[in-house]
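Single-structure report; data block below.
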Amino acid sequence: MRLAHRLTMKQLRAIVAVADTSSFTQAARLLHLTQPAVSMQIKELETVVGQVLVDGRREIRLTPAGEVLVRRAREALAALEMAEVELKSMRGVASGTLEVVAITTAEYFVPHLLAEFGRRFPDIKFRLTVENRDRVHALLHEQRADLAIMGQPPGGMALRRIPFSPHRLSFVARPDHPLAARRNIPPAALAGERLLLRERGSGTRSNLERFLRAHGVKPLAADELGSNETLKQAVMAGMGIAFLSHHTFAMEVESGRLIRLDVADTPVIREWNVLVHAERPLTPALEALLEFLQTDGAAMMRAITC
């Protein structure tokens, strides 16, 4: 009996989930199954194929046979989903699942945009992934994202860039910091401060480094703390000052736990961009989301940006 007649959709979804997460436990959560159930699906699939597909001796990874099957499984699952989209579009219904990826700073507003869009288009579902800039670049390169929300687009890829909102970044400190009461602070004053940094590969860090180079500033010391939330907590604890997106610290400024420093030439204003593959045909669902982000989504961003 041919392979296509013996394997099941559950088995294909299971091995794709394991490939995406490199974990049986995470795959089970993704599929809303138990871990033993996912393991059973993989074992049954290996029996059908007659080869080992997942090597878990040291870390979870695909064997060469597993890589072949996952590549074809993705194509089959995508084709079936596209068939559903096309059938619904024949009835005038935009539907399907969109793979949306956003850089970490965008996690403060992207769920609000998608929630509003979802209320208007209940037949369109999302899988939202939040990663740093380098990982977003990789997902776009691997064509595992339908749409990305980030700042500077990566080079070397055929992407359509749609700016939809300004992105402001500033320095923040504790309200009792010596610089907090000063106005029009020269960037040179930052040379005597301890700066708290995002991880390498972060767009926020790249913008900070660009600002410091432009003004010839070398900080007294710098600590790498990783996430926006960790940086805010460290600033509030008095460890130093940080350079952050206005989206990340609005609530802390409003509650009086942080203050935006009035440093000359800030806020630094960049752009939030929507990126889609230039050569990939747009589905009705993706067209609807792009239209929303450029119109009502952009209006929402103006309302929530401080």
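For the reader, a short list of remarks on this structure follows.
- Counting only protein heavy atoms and a probe of 1.4 Å, the accessible surface of the chain is 52% carbon and sulfur.
- Simple spin-label estimate for residue 34 and residue 291 gives 4.6 nm between the two label positions (7 Å along the Cα-to-Cβ direction from each Cα).
- Phi angles of region 154-164 translate, via the Karplus equation with coefficients 6.51, -1.76, 1.60 and θ = phi - 60°, into HN-Hα couplings of x, x, x, 10, 7, 10, 9, 9, 10, x, 9 Hz per residue; Gly and Pro are given as x.
- Cβ-based net charge around residue 226, under 15 Å, with every Lys or Arg adding one and every Asp or Glu removing one: -1
- Here the Gaussian network model covers the chain, with springs between Cα atoms less than 10 Å apart; of 71, 194, 280, 71 fluctuates the most.
- Taking label positions 7 Å along the Cα-Cβ direction at both residue 199 and residue 20, the computed distance is 2.1 nm, reported to one decimal.
- Highest-MSF residue in the chain out of 34, 283, 230 [GNM, Cα springs under 10 Å]: 34
- Solvent-accessible surface of the chain, averaged per residue with a 1.4 angstrom probe and all protein chains in place: 52 square angstrom.
- Cα centre as origin, Lys/Arg/Asp/Glu Cβ charges: the chain dipole, Debye: 240
- DSSP-defined antiparallel bridges as percent of all bridges, the chain, nearest 5: 50
- Expected 222 nm ellipticity per residue - DSSP helices of 4 or more, -39500 (n - 2.57), all of the chain, to 500: -13000 deg cm²/dmol
- Comparing 27, 78, 106 in a Gaussian network model of the chain (Cα springs below 10 Å), the most mobile by mean-square fluctuation is 27.
- Once both labels are positioned 7 Å from their Cα atoms along Cα-to-Cβ, the gap between residue 81 and residue 115 label points is 2.4 nm.
- Cut-off 19 Å (backbone N to label point 7 Å along Cα→Cβ of residue 189), residues of region 147-183: 169-183
The values are calculated or read from the model by the stated rules, or taken from the named source; none is laboratory data. These figures come from a predicted structure and were not determined experimentally. Note that each Cβ is placed from the backbone with ideal geometry, even for glycine, and that neighbours are counted across all protein chains shown. For accessibility, only protein heavy atoms count, side chains too; no ligands or nucleic acids. Shrake-Rupley method; radii C 1.70, N 1.55, O 1.52, S 1.80 Å.
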